[in-house]
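**Student:** Okay, here's the structure, questions in a sec.
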């Protein structure tokens, strides 16, 4: 018997979104509400697709001491799903462990929150027949280092088995190594599908026998969580084969984009180019708000202009639109293109300087070794060079101009 489900994770309701004071109030408020708006989108998707059940693989909330308001919003969402007969299976993760503040709120019987003490196996029924069994376990505390996967084991006579776990597969260094496991350990449990949470980057780790996937988070929360965010819609056919489709849920999308301007570009050609590029981003990302970080490569003339704070600010302001959906050009990181006929020595020196300026540890080593005589023996030189450790990156532009002979 075929069925469908949605795999979501890492909703992070109640994310504080600090550092937004510089933004207009309208944009700030939309960002602060974005995780809740993504929850609404998730509910709407489940209703439109009329799925049999929803899985949330950890970190419903962003913090252990979640607010009452966030819990009420989640309760409301769960009631909407239960009214339509959609079951929900919830595992809590390291951000929202079971020992955190949980208001005494009633959830419908169709909503199951997994225990933090043992793996639970919950059957899903349709028309008196079991169509699947969902295995899961929550975090009892925020720091779970046990290999929880070893507690999972498929029972006999189960038509289709799904495992729910908030875990770090293979020790991804970008996330805390909680409930660590390997692909081999997941495969050995006998599950047909693993619904994973914790890693915010959507990825299918294994296509078949079993299918193992991270849904990623439902809403990007900063520039390091760029690109589409959402959930996975799973369809299982009569033969037990699983097909996954990504469905976006984010209402605000963080975008990183690279633009190459012609070496001889003028101010007008740059504006025309940016109009086209940003217009293309708006079209390709649908009817949602965008926060954009641009990487811009320009020629000598524009490099000189971009080095002026006022010029750069004027470009930023041109692409900051306060409406719904809003557009906000957050930052422009620019660099000067190297022309082919440039002196090979200058090219090599600039390449080495680029490597040095982008690596704080390497820059420190250079200060300690390459200019040791000045640091140790020359009073004025030592004072000036020592200050480079704490200087902002602005001085790199001047160094590049000096390398080029101030051309």
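**Student:** Where both residues lie in segment 3-250, what percent of DSSP beta bridges are antiparallel, nearest 5?
**Tutor:** 45
**Student:** Note down the relative contact order for segment 251-337 as a percent, whole number, built from C-alpha pairs under 8 angstrom at least six residues apart.
**Tutor:** With pairs under 8 Å counted, the relative contact order is 37 percent.
**Student:** For segment 158-305, what is the per residue volume of the convex hull drawn over the alpha-carbon atoms, in cubic angstrom?
**Tutor:** 148
**Student:** Still on this structure: Averaging sequence separations of C-alpha pairs under 8 Å and six or more residues apart, then dividing by the length of segment 139-195, give the relative contact order as a whole percent.
**Tutor:** After rounding, I find 44 percent.
**Student:** Quick check on the exposure proxy: order 316, 165, 98, 232 from fewest to most C-beta atoms within 10 angstrom.
**Tutor:** 316, 98, 232, 165
**Student:** Turning to a different aspect of this structure: Any chance you could check the Cα centroid distance between segment 1-69 and segment 130-182 for me, in angstrom?
**Tutor:** If we compute the Cα centre of each part, the gap is 22 Å.
**Student:** Kindly put 324, 218, 211, 301 in sequence by how many other C-beta atoms sit within 10 Å of each C-beta, fewest to most.
**Tutor:** Ordered by Cβ neighbours within 10 Å, fewest first: 324, 301, 211, 218.
**Student:** Which of rounded, prolate or oblate describes segment 29-163 when judged by the alpha-carbon gyration tensor and an a/c cut-off of 1.5?
**Tutor:** The shape class here is oblate.
**Student:** Could you grab the Rg to Rh ratio for segment 162-242? Cα atoms only, Kirkwood for Rh.
**Tutor:** Over the Cα atoms of segment 162-242, Rg/Rh equals 0.98.
**Student:** Please order 92, 257, 12 by the number of other Cβ within 10 Å, starting at the fewest.
**Tutor:** 257, 12, 92
**Student:** May I pose another question? So if each residue of separation counts as 0.36 nm, and I subtract the Cα-Cα distance between residue 237 and residue 175, what length gain in nm does that give?
**Tutor:** 18.9 nm
**Student:** If you don't mind, there's one more thing I want to ask. Highest mean first, how do 268-276, 328-336 rank when packing is the count of other Cβ atoms within 10 Å averaged over residues?
**Tutor:** Ranking the peptides 268-276, 328-336 by packing returns 328-336, 268-276.
**Student:** Please give the residues of segment 225-256, grouped as numeric ranges, whose backbone N is less than 17 Å from a label point set 7 Å along the Cα-to-Cβ vector of residue 84.
**Tutor:** 231-235, 247-250
**Student:** Quick one: if you take sqrt(5λ) for each eigenvalue of the C-alpha gyration tensor of segment 3-250, what semi-axes come out, biggest first, whole angstrom?
**Tutor:** 27, 20, 18
Taken together, the values in this text are just the output of simple stated rules run on the coordinates, not laboratory data. Keep in mind that what you see is a predicted model, and the values were worked out from it rather than measured. Every residue, glycine as well, gets a Cβ built from its backbone with ideal geometry; the counts of neighbours run over all protein chains shown.
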